[in-house]
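The values are calculated or read from the model by the stated rules, or taken from the named source; none is laboratory data. Just so it is clear, the structure is predicted and the values come from calculations on it, not from any experiment. Ideal geometry is used to build each Cβ from the backbone, glycine not excepted, and the neighbour counts take in all protein chains shown.
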Amino acid sequence: MDKIKGTNLYGAYSGSVMKNINTSWYSTAFYLGLLKKIFKYIPKESVSGVLDLGSGKGLAMVVFKKNGIKNVGGVELRRDLYEICQENLKKYNITPRLHLNEDACKVKDFSYFNTIFLFNPFPSNVMKIVVENLVNYFQKENKTCYVIYINPLHNTELQKANFKEITSFKAPISNSDVKLFRFQ
Ligand SMILES: C[S@@+](CC[C@H](N)C(=O)[O-])C[C@H]1O[C@@H](n2cnc3c(N)ncnc32)[C@H](O)[C@@H]1O
């Protein structure tokens with residue numbers, strides 16, 4: 001993808017979370033394989049939109065949008081990554097439903113999205129607040145919320161809030177742990 005469009009999609013891992021971790025596997029193929037797996041457990045038709053909290057340069061957003069997800073969105077704390085992502089989305093002709101340069105803790109309105117994508121972006125204190133915001137919104141709206149959580153270090157925050165684990169599996173290519181959760 002990168003070569004064709006001259007974009008800068010890879011290496012969104014320069015934040016502290018992924019320091020010292022080998023991410024040479026990070027690729028379009030990884031996300032395509034992941035989507036294929038996810039759709040075995042969450043039917044494609046029931047995914048109205050995917051919001052990537054900690055969206056980096058937007059590779060996940062691009063691959064999801066180009067592979068059948070109607071609404072994509074992203075929230076990224078780092079200004080530099082947010083701006084690179086904006087350029088990438090433009091180059092792929094993607095208009096996100098939401099794209100914020102913001103702390104994910106501040107997001108309280110999840111309209112257009114019923115699925116949250118987390119690539120282990122946060123420490124547990126942030127995860128706790130994000131989960132509280134999800135519960136408040138989806139309970140009020142009386143809607144189902146799915147969470148795709150890669151490298152799910154803080155999944156107990158979801159469990160404590162009554163998110164039920166649908167399944168767990170190893171991601172293709174990277175072999176990272178992935179857990180899928182459902183709320184309501
Ligand atoms: C592992 S990268 C994931 C990139 C992207 N989700 C993908 O799969 O292509 C995690 C990202 O989360 C961002 N992040 C960390 N804490 C955040 C917060 N509180 N709010 C929003 N973004 C945050 C980091 O800056 C980093 O870009």
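Observations, loosely collected:
- Here V147 meets the list (1) at negative phi; (2) outside any strand (DSSP E or B) almost entirely, failing just condition (2).
- Of the residues screened, K40 is not one that is part of a helix (DSSP H, G or I), more than 17 Å from the chain's Cα centre (by Cα), loosely packed, with under 15 Cβ neighbours inside 10 Å and modelled with pLDDT under 90.
- Residues that are near the ligand (Cβ under 7 Å from one of its atoms) and in contact with an Asp or Glu (Cβ under 7 Å, 6 or more places away or on another chain) within segment 52-102 comprise G54, S55, G56, A60, V75, L77, listed in sequence order.
- Filtered by the rule that a residue be more than 9 Å from the ligand (Cβ to nearest atom), part of a loop (DSSP other than H, G, I, E, B) and among the polar types (S, T, N, Q), segment 103-124 gives S111, N114.
- Checked against (1) in a helix (DSSP H, G or I); (2) surrounded by fewer than 21 Cβ atoms within 10 Å (Cβ to Cβ); (3) not acidic (D, E), M127 passes all but a single condition, namely (2).
- Any hit, segment 95-104, residues being among the hydrophobic types (A, V, I, L, M, F, W, C) and modelled with pLDDT under 95: no
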